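Remarks on the structure that follows.
The values are calculated or read from the model by the stated rules, or taken from the named source; none is laboratory data. The model shown is predicted, which means the values in this text are computed figures rather than measured ones. Cβ placement follows ideal geometry from the backbone for every residue including glycine, while neighbour counts extend to all protein chains displayed. Calculation scope for accessible area: heavy atoms of the full protein, side chains included, ligands and nucleic acids excluded. Shrake-Rupley method; radii C 1.70, N 1.55, O 1.52, S 1.80 Å.
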Amino acid sequence: MDSKLRRMTILSSMAVIFLVAILVLYTNRDENTKQETVKPQIQQEEEAATTDGPQKDGQIGNDLSAFLRDNTFFDQESNPLLTGMGDERVSLSLMVTSVEKDLRVQIVDKSGKPVAGESFYISLEGTGEYKDLDRDGVIYIGDLPAGEYYVELLPISGYHVPENGTKVRVKDKVEYLAIDDISLLIKTEADIDAEAEDTAVADALEDADKTEIKKLQTTTSNSRVGIDVSKWNGDIDWDKVRNAGVEFAIVRAGYRGSVTGSLVEDPYFAANMKGAAASGVPVGVYFFTQAVNEVEAVEEASTVLQLVREYNLDYPIFIDTEGAGGNGRADGLDAETRTLVCEAFCRTVENAGYEAGVYGSRNWYNNNLYADRLDNDYCIWLAEYRSVPLYQGYYQIWQYTSKGKIDGIEGNVDMNVSYY
C-alpha cells in the first residue's frame with residue numbers, strides 16, 4: 001500500500017513539472033514572435049526615414065535615437081535649442097532716434113539700459129564708422145541728409161551683437177514730438193557733478209529794488225498765491241504749506257547741465273509732487289534749459305513729459321530760460337535761437353496734450369527773447385522783484401520775490417501771484 005502511494009505521488013509531481021515546462025516554452029515563443037513582428041516595423045521606418053525624400057528634424061514615431069542621425073543636433077550655431085548655452089556674452093541691441101537731420105544711437109542690454117564703459121563702434125551705411133568716444137553707450141551723429149540708413153553695431157569682445165543692421169529714417173525737419181526712449185538719457189545727480197552742472201543764476205535779482213514784497217500776498221477774486229520749489233528748498237512739510245495759505249506750487253522737474261548738457265532729474269521732484277498732491281496743493285512744473293538748438297529743446301520737453309507721466313497737473317509745463325553764470329553752454333545764444341528753443345519746447349509739450357509756458361525775468365524777455373512771439377500762444381511767467389512790475393508785456397504769473405518765508409519750508413522760497 002505504501003509502495004503504491006509512493007508511485008502515484010512521483011507520477012503526479014512529474015506531470016506538474018511537465019505542464020509548467022510546456023507553459024514556459026509557450027510564453028517564450030509568444031514574446032519572440034512579438035519582437036520579430038515589431039522589429040521589421042522599426043527597421044522599415046528607419047529605412048524610410050533615411051531613403052525617402054528630405055528628412056525632418058525631430059523625433060520619428062517612438063524612435064528615441066532619431067537625434068543621432070541629425071548632423072546639426074549638437075551644432076550650437078545651427079540648433080536654436082542650444083543657442084546661448086555656455087555663452088556668457090551680454091546680448092546687445094540698438095535704439096535709434098532722429099529729431100532733425102541727426103541720429104542718436106543708444107547701445108542697450110536686454111533690459112533696455114545703455115551699456116557704458118565700452119568703446120563701441122557703429123557703421124552707418126554710406127557715411128562710415130562712428131565711435132562711442134565718451135563710452136556712455138550713446139553715439140550722436142549730426143548734420144545728416146534726410147533719408148533711410150542702415151545702422152550696424154560692430155563686433156566687440158564679450159558681447160553678442162545683432163546679426164542684422166537696423167533700418168532708420170533720418171527726419172528732414174523737427175516734428176516737435178516727444179522722444180519715446182528719452183528715459184535712457186535722464187540722469188540723477190549721482191551720475192554727474194551737480195555743483196558744476198546746476199548753475200542757474202536768477203537774473204531778476206539784479207533788477208530788484210527796495211519795494212520787493214517778501215511775504216505771501218493776499219488772494220483776490222482774480223488771483224491766487226503760490227510758490228515755486230526745487231531741491232534748494234530741501235524737505236517740505238506740504239500740510240503746513242497748504243495751511244499757511246499757499247494755493248499752488250510750481251515744482252522743478254529737472255535741468256540740463258550747463259557744462260555737459262546732461263538731462264538731470266531734480267532729486268526732490270518726486271517727493272515734492274507726491275507731497276503737494278497728498279496735501280491738495282495744485283501743481284505745475286518747470287525745467288531749467290541749457291538747450292542750444294531746437295533738437296535739444298525737444299529733448300528737454302520729452303524729459304519733462306517722461307517725468308510727469310504719473311502726476312496730474314493743474315498748471316502748465318514751463319521752460320525756465322535764464323543764464324548759468326556766464327559760462328553756461330547756452331549763455332551765448334542770440335535772441336532768435338533762444339526764442340526758437342522756447343517755441344520748440346512749448347510746441348512739443350502742447351503736442352503731448354499739456355499746456356506750456358515760458359519763465360524769464362523782465363530783462364531776459366526784453367533783451368534775450370522775442371517775447372511777442374511767445375506771449376500770444378504760451379503762458380508767460382514773469383520774474384520781477386518789485387512791488388509793481390515795470391514789464392510792459394503780457395503775463396499770467398508773476399514771481400515777485402525769491403526771499404519769501406512760509407511755514408513748512410526752511411529758508412527762503414520764491415513766491416508768486418497767478419492770474420492764470
Counting residues that are modelled with pLDDT of 90 or more and among the aromatic types (Phe, Trp, Tyr), which strands (runs of 3 or more DSSP E) fully inside the stretch 106-185 reach at least 2?
147-153
Residue list for the stretch 372-405, restricted to those being among the polar types (S, T, N, Q) and either within 19 Å of Gln290 (Cα to Cα) or surrounded by fewer than 15 Cβ atoms within 10 Å (Cβ to Cβ) (or both):
Asn376, Ser387, Gln392
Quick one: in the stretch 92-145, which of the residues that are closer than 20 Å to Arg169 by Cα and in contact with a Pro (Cβ under 8 Å, 6 or more places away or on another chain) is most open to solvent (accessible area, probe 1.4 Å)?
Lys101
Residues in the stretch 383-420 that are part of a loop (DSSP other than H, G, I, E, B) and hydrophobic (A, V, I, L, M, F, W, C) total 4
Listed by first then second residue, the pairs whose first member lies in the stretch 311-332 and is under 15 Å from Ser230 (Cα atoms), whose partner is surrounded by fewer than 21 Cβ atoms within 10 Å (Cβ to Cβ) and not small (Gly, Ala, Ser), with beta carbons under 6 Å and at least 6 positions apart or on separate chains, are Ile317/Tyr354
Quick check, is Leu369 more than 26 Å from Glu195 (Cα to Cα), open to solvent by less than 20 Å² (accessible area, probe 1.4 Å), in a loop (DSSP other than H, G, I, E, B) and modelled with pLDDT of 95 or more?
yes
Is it true that Ala297 is modelled with pLDDT of 95 or more, part of a helix (DSSP H, G or I) and surrounded by 23 or more Cβ atoms within 10 Å (Cβ to Cβ)?
yes
